[in-house]
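To start, the structure under review is shown below, and the notes come after it.
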C-alpha cells in the first residue's frame, strides 16, 4: 500500500506468479485493456520434505497493441538471493513468418528497495530486455525459482493467486508435494483441483481461465488462489516465528542507555511505555517492506537503532528491546491489513504486517510503531477488529482480535472567527482532527517542506479564502 494509507510491511510468492502483474495493476484504460492477452500459462510448484523446492513458470503472451509493447518490452522478475536462485531459462519473441528472436540481455540487479537501503540488497531483480517486439508478436518464456535455503527447514508454504486482472485464455497450475509429509492444500475460488498419487508424491492440478478482467479489484480482497502449508497449528507457527524473532531483541549497552534516557522523568509505567513507543515511531524511518517479502527474520534491535530505519518487524524488535530495559514484556503480533486470516489455513502467508502487544495488569496495549506520526495506541482502521496471531514469550501462540475502537474518541473540530471591516472580511480558521484523519494529515505535512504548510492548510477546505499560517 502506498501512503497516505499505511505502507504496510503479498509475500514474495505473490510477486513470483508472473512478471506482467505489475502492468495489470495499472491498467491503461478504464475497461482494463492492457494491450496483451496471456494465451497460455503454466505454473508448477514442487516442494521437498526438507523445505527446498522448485517453481517453474511458463507463459505465452499475445501482444495486441503498442500498449502491450510498452508493458512487456522489459520484463522484471523479483527473487530473494538469501533463500533461492532464479533462472531465466528462455525468453523468445515469435513473429509471423519469421524465425524466433531470442532475448539475450538479462541483467541481475539489486532490487529497488535494496538500492535505497543496502540492508535489503538480497532482494534482487532480473531484468530482461525483450528484443524486436511489435504488436501482433507473441512472447514465450520459461523462468525458474530454485529454493535451496528454506526459511524454515522441514517446513514449506506457498501462496499463488489466481490472476483476475489479466485476460488468461488457458491456465494450468500444478502442486507436487511429498505424500508422506503433512501438507494442507487449500483453494479459494470456484476452481477445485484434481488429485492423484504418483510414486510417493501427491499431485494437485487446476485448470482454469480468466476471460473477464476484474476492473473493480474485488477479487484481490477475496484472495482467490492456491495456498499450501505444512504447519499443523497456530502454536507451531508461533513457535517457529518466535524462535526467529526473540534473539533479535537482545539488549545492548547502547539500547540500555537509550531506554533509560527516554524514560527519565516519566511518572508512570504507561508514560514510560509511551515514551519508548514514540521514539521508535517518530525517529526510526519506516522502510516499506511487507512482512514475508525478502525475509521473515527481523534485523537485530542494535542494528535498527544504529541505522535508524526498519520495516514493521524491525520496528517491533527495537521497541521490544527498549521495553525489556524497563522490565516490560511484549509479544510480536502477526496481522493482515486486508482481511482476517483464514483460521483453517495455518500459514505465514496469511499475514502481511507485524505489530506489538504489551500485556498490562489492568489492560492490554496494542501498539503499531510503523506509522511515523501515530499517537500512542493508535491502530489504523484496516487493523482494528482484525484477528491476529499473538506470539508470547511463554505459552503457545493464539489467535486474538485487535481492539475494534481507538483508545480515545475521534473528533473533528473547525472553528472560524472573524469580522467585516470596511467591506473586507478577516477570517481565522482553526482546524483540529483526532483519529484516522489526524494521522493522515500528519503524514501529509511531514512529507512537505514547512514553507508549503500554509498552502496545504488552505487546500483542506476549498471554501477557505487563501493561504494562512499553520501551527504544529
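Looking at (1) assigned to a loop (DSSP other than H, G, I, E, B); (2) out of contact with any strand residue (DSSP E or B) (no Cβ under 8 Å at 6 or more places or on another chain), which one does residue 324 not meet, given that it meets all the others? Here residue 324 clears every test but (1). The single condition from (1) in contact with a helix residue (DSSP H, G or I) (Cβ under 6 Å, 6 or more places away or on another chain); (2) at pLDDT 90 or above; (3) in a loop (DSSP other than H, G, I, E, B); (4) farther than 18 Å from residue 375 by Cα that residue 293 fails is (2).
Scanning segment 109-142 for residues that are within 23 Å of residue 61 (Cα to Cα) and out of contact with any helix residue (DSSP H, G or I) (no Cβ under 8 Å at 6 or more places or on another chain) returns 126, 127, 128, 129, 131, 132, 136, 137, 138, 140, 141, 142.
Taken together, the criteria place residue 62 among residues that are more than 30 Å from residue 369 (Cβ to Cβ), buried (at least 18 other Cβ atoms within 10 Å of the Cβ) and at pLDDT 90 or above. Looking across 133, 123, 163, one residue alone is surrounded by 19 or more Cβ atoms within 10 Å (Cβ to Cβ), within 30 Å of residue 211 (Cβ to Cβ) and at pLDDT below 95. It is 163. Taking the condition outside any strand (DSSP E or B) and at pLDDT 95 or above, does residue 33 pass? No: the conditions fail for residue 33. Considering only residues in segment 197-214 that are in a strand (DSSP E or B) and closer than 25 Å to residue 169 by Cβ, the one that is nearest to the chain's Cα centre (by Cα) turns out to be 210. Is it the case that residue 187 is modelled with pLDDT under 95 and surrounded by 20 or more Cβ atoms within 10 Å (Cβ to Cβ)? Against the criterion (modelled with pLDDT under 95 and surrounded by 20 or more Cβ atoms within 10 Å (Cβ to Cβ)), residue 187 does not qualify. Screening residue 271 with (1) at pLDDT below 95; (2) over 17 Å from residue 118 (Cα atoms) gives one miss only, at (1). Suppose we filter 396, 375, 371 for residues that are in contact with a helix residue (DSSP H, G or I) (Cβ under 8 Å, 6 or more places away or on another chain), over 24 Å from residue 269 (Cα atoms) and either modelled with pLDDT of 90 or more or in a loop (DSSP other than H, G, I, E, B) (or both); which single one remains? Matching residue, one of 396, 375, 371: 396.
So is residue 280 crowded, with 20+ Cβ neighbours inside 10 Å and under 29 Å from residue 157 (Cβ atoms) or not? Considered against the rule, which asks whether it is crowded, with 20+ Cβ neighbours inside 10 Å and under 29 Å from residue 157 (Cβ atoms), residue 280 comes out as no.
In the condition set (1) at pLDDT 90 or above; (2) touching a helix residue (DSSP H, G or I) at 6+ places or on another chain (Cβ under 7 Å); (3) surrounded by 21 or more Cβ atoms within 10 Å (Cβ to Cβ), residue 75 is compliant with all but (2). Cβ-Cβ contacts under 9 Å between residues 6 or more apart (or on different chains), taken from a first residue in segment 99-116 that is under 19 Å from residue 88 (Cα atoms) to a second residue that is surrounded by fewer than 12 Cβ atoms within 10 Å (Cβ to Cβ) and modelled with pLDDT of 85 or more, are listed as 101/132. Report yes if residue 152 is touching a helix residue (DSSP H, G or I) at 6+ places or on another chain (Cβ under 6 Å), more than 24 Å from residue 35 (Cα to Cα) and surrounded by fewer than 21 Cβ atoms within 10 Å (Cβ to Cβ), otherwise no. For residue 152, the condition - touching a helix residue (DSSP H, G or I) at 6+ places or on another chain (Cβ under 6 Å), more than 24 Å from residue 35 (Cα to Cα) and surrounded by fewer than 21 Cβ atoms within 10 Å (Cβ to Cβ) - is met.
Selection of segment 221-251 for residues being surrounded by fewer than 16 Cβ atoms within 10 Å (Cβ to Cβ) and farther than 20 Å from residue 356 by Cα yields 221, 222, 232, 233. Can you name the residue in segment 431-440 that is in contact with a strand residue (DSSP E or B) (Cβ under 6 Å, 6 or more places away or on another chain) and modelled with pLDDT of 75 or more and, of all such residues, is surrounded by the fewest Cβ atoms within 10 Å (Cβ to Cβ)? Out of the qualifying residues, it is 432. Take residue 355 and tell me if it is at pLDDT 95 or above, closer than 16 Å to residue 338 by Cα and either in contact with a helix residue (DSSP H, G or I) (Cβ under 6 Å, 6 or more places away or on another chain) or surrounded by 14 or more Cβ atoms within 10 Å (Cβ to Cβ) (or both). Against the criterion (at pLDDT 95 or above, closer than 16 Å to residue 338 by Cα and either in contact with a helix residue (DSSP H, G or I) (Cβ under 6 Å, 6 or more places away or on another chain) or surrounded by 14 or more Cβ atoms within 10 Å (Cβ to Cβ) (or both)), residue 355 qualifies.
The values are calculated or read from the model by the stated rules, or taken from the named source; none is laboratory data. As the structure is a computational prediction, the values presented were derived from the model and not from experiment. No Cβ is skipped: glycine too gets one built from the backbone with ideal geometry, and neighbour counts run over all protein chains shown.
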